[in-house]
Every structure is written in C-alpha cells, then in structure tokens.
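Here's the structure we're looking at; comments come further down.
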Amino acid sequence: MTELLMFLAVTLGMALCVAGVVVWVLLRQGPVVTSASQSQANVKVYREQILDLDREHANGHLSDAEWQQSRDELSVRLLQDTAVEDEPHVITQAQSWRTAVVIALVFPMSALGLYIWLGAPEAISPMLFASASVEAATEQAAPPNLDQIAASLANKLQADPNNLEGWILLGRTHRSMGNLDAALSAFERALKLNPDDELILARAEVLAAKNQGRFDGEPWRVIREVLQRDPQNYGALLLAGSASYADNRYADALEFWQRARLQLSADHPDVPNLIEAMSTVQAKLKNPASPSAAPAAQGAPSAPASGGAASALNVSGQVRLSAALKSQTSPTDVVFVYAVPANGERMPLALLKTTVAQLPLNFTLDDSSAMLPDRKLSGASQVLVKARISKSGNAIPQSGDWEGSLGPVKVGSSGLNLEIKTQRP
C-alpha cells in the first residue's frame, strides 16, 4: 500500500509541476511591442490611391496631364504625412485567470485518472490487488451449489408438475449429490410422464447404487427387458457390461461392451473409456487366478470358444523401453501393446495394457484380447505390432507419446523384439 501511495504522490507532483509552468506562462504580464504606426498606415493608403490613378490612366479615363498632376499631388501629401515618425505602440496582454485555473485543476487529475484507467497500477504493488484477484478467481472456480439447484428445481416443479425435463434434471442432480432416494423419486415421476427406456435404465442404475453397486433383482431384470425390446440399445449394453463386471462375469462384460463399441465412430468421446474398460476385463480374463477374479472361477461363463482355437493364431515377443528414454518416462505411465492390420487400418485387432514399471514385458496378442467381436487377430494374415507410452492414459494416440513398431509380421510369429524409442510428432 505504501509503495502505491508513494508512486501516486510522485506522479501527482510531476503533473502539478507541468501544470505550474503552463499557468505561469498564461498569467505573466509583459508588454508586447508592435510595429504598427499612423505613418505606416498613411503610406498604405496613398499607395493604393496611386495604383487607382495608374489603372484609370491605363484605361483611358485620364489624360497624361491629369494623371501626372494627380500623382504629383499625392506624392507631396505623402511626404508631408510621413515626415514625423510615430512611436511604436506597446500592448499589454490581459491575464488568463480562467484558463489557468482550469488547467491547474484538470491537468493533474486527468493524468492520474488516465493512468489508473489505462495503466497497470497493480505492477507497483501486486500484493494490494492479490486479495481481490484471488477472491474473484475463487468465485469463478467455485462449483455450482447443487443444493440450491435442486431446491430451485423442486419449487418450479411444484408449480409445473408435468415438466418432464425438469424431473429428469432433478433426478440427475440428486444422483450426482448422492441423494439416491430423492433421485429415485424424481425418475419415477418422470416415468409416469414418459415410460422411456433411457429413464427406465436411469432408475435401474439408481437402484443398483442403493444396493452398493449390485444389480441383483430388479436392476438386472429391467436391463434384460430393455435389451429384449432393443438388442442394440447403447445405454442398456453399457449398463449390462457394468452389471456383469460387478458380478465378476468378465467374459459377459467384455461381450456387452464390445457390442456397444460397434455402434461408435472412432472419434466418439466414449471410445477411450470403453477401451479402458475392455482392457481391464481382458487383463482379468488372462489372469483368472488373481484375487480379484477368484470369486468368478466357479460361476462365471467360460470365454468364447474361439479363444482356445486361436492359441496358435497369435503374435508374441518382448516389448522393452529404450535405455535413453528411462529418464523421460515414469513407472506409472500407461503402455499399450497392440496389433493393427497391415493394410493400413488403424483400429487394433488385439490390445494389452500395462505400465512402464512392467517393462521389459513378454506379451502375447490373440483373439482373447480382441477389441471387437467381429474383428479378431485370427482373421488377419499380417499385422503391424506396436507399443505406445501414454502419460495421460488415453487410448487414442496423441502428440508426444513414445512408441515403437514392428512389421508387417505374419500372424503366428513369436520371439518378436519390440523397442519403444521414437516420439510421436
């Protein structure tokens, strides 16, 4: 605060000094000598009269004798009137009090105001403005008050109970707040207005959440009913995959999610999450003896029959990280090992997910690691085998990722050595 006041005081003082100089010039009293005199005025008049005579003579209005006589008379009178030289006039300028007062007041205040408006006073004392900036940033970053939103929606729905979108929004708001009973009630009110499959699934999801994530009973029954009506319902397929995963039925979860993935374009925002989920399931299917998968050993359905038949139709080898890159990666960075068709298609036929900490890693890619049920490694003759490190964990390649590639190699090849050593532009 002291630094800012000192700067403003110095600035105001300098502006006052400049204003003082201007005021002094305006108020000082001094004689101004003018060269104007009566004799000079007479000379000008006589010269004009002589010029008039010359024009009259030239036009033939005066004879030579008349013209000469008139010029002589004017010349004599001119000599007589200019014989005595006049004293020069001294003119005193009046003081500009009003202008001086205006400048003295307006100039310094204008200069200071312009600096505060257009300048950067926060550069003088940043701490003075820090609290206001932090407060403003905190207000902007503060999350919306969901309690107020829910209360406002409830009040509006009392006045308009047939507002379908309002009940859906209220249900979603309560669900995000963890108010599952209130969310369930809101979705039930929405279902009375429109028994839509998406609303039915939303209610089933809330019921499962109330049951600590278990879909036993009504949630599973509702999901199956929706899939019977519409086997390609995207929301039902996603929820069925989640329900199967919660029941440790990983093969079923993978199948449901693969069917959902078939409906999405490559750039759909849900693709990375689906690939992530499918990679997790594939890892559990490859290691059924892990503690997390052990409960499913008795009741879980077996993997698709094509998995065993495709044991010879795989590619295997070791993936490792270049020694020069160890300092540029982190042990927790995600590593994707995958195979794509050699014909230029970019969608992987098989994919494994691991971390840098697991490198070097012996890998095997086969139909059990397929991304889509109708696109399997066993259906290709040649593939490109690739590995990519993603700091963000995003399954979609991004600029800056480190990667390696081999191929084309024949499906059935083994003993491959894949090194991650180049950076994606």
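What follows draws every value from the coordinates through simple rules; no lab data is involved. Nothing here was measured: the structure is a model prediction, and the numbers come from that model. Methodologically, a virtual Cβ is constructed for each residue, glycine included, from the backbone with ideal geometry; neighbour enumeration extends over all protein chains shown.
What is region 364-425 by shape, rounded, prolate or oblate, if you read a ≥ b ≥ c off the alpha carbon gyration tensor as root eigenvalues and call it rounded for a/c under 1.5, prolate for a/b larger than b/c, and oblate otherwise? Oblate. Highest mean packing first, where packing is the average number of other Cβ atoms within 10 Å per residue, the peptides 314-323, 245-254, 52-61 line up as 245-254, 314-323, 52-61.
Projecting the Cα atoms of SER322, GLY412, LEU349 onto the charge dipole of region 311-425 (Cβ charges, centred on the Cα centre) puts SER322 farthest toward the positive pole. Taking amide hydrogens as placed 1.01 Å from N in the peptide plane, the amide H of GLY317 sits under 5 Å from those of PHE363, GLY415, LEU416, each at least 5 positions away in sequence or on another chain. Over region 182-292, the fraction of Cα-Cα pairs per 5 Å bin, rounded to whole percents and listed from the shortest bin up, is 2, 12, 20, 21, 20, 14, 7, 2, 1, 0. Protection proxy ranking for 398-408, 198-208, using the average of other Cβ atoms within 10 Å per residue and placing the highest first: 198-208, 398-408. Between the C-alpha center of region 392-421 and that of region 58-73 there is a gap of 117 Å. Among the listed pairs LYS210/LYS376; LYS284/LYS376; LYS156/LYS192; LYS353/LYS376; LYS284/LYS421; LYS210/LYS286, those whose Cα-Cα separation exceeds 27 Å are LYS210/LYS376; LYS284/LYS421; LYS210/LYS286.
Label separation (SER399 vs SER265): 2.2 nm, computed from points 7 Å beyond Cα along the C-beta direction. Computed on region 173-247, the Cα convex hull volume stands at 85 Å³ per residue. Taken along the Cα-to-beta-carbon direction at a fixed 7 Å, the label points for ASN194 and ASP52 span 10.1 nm.
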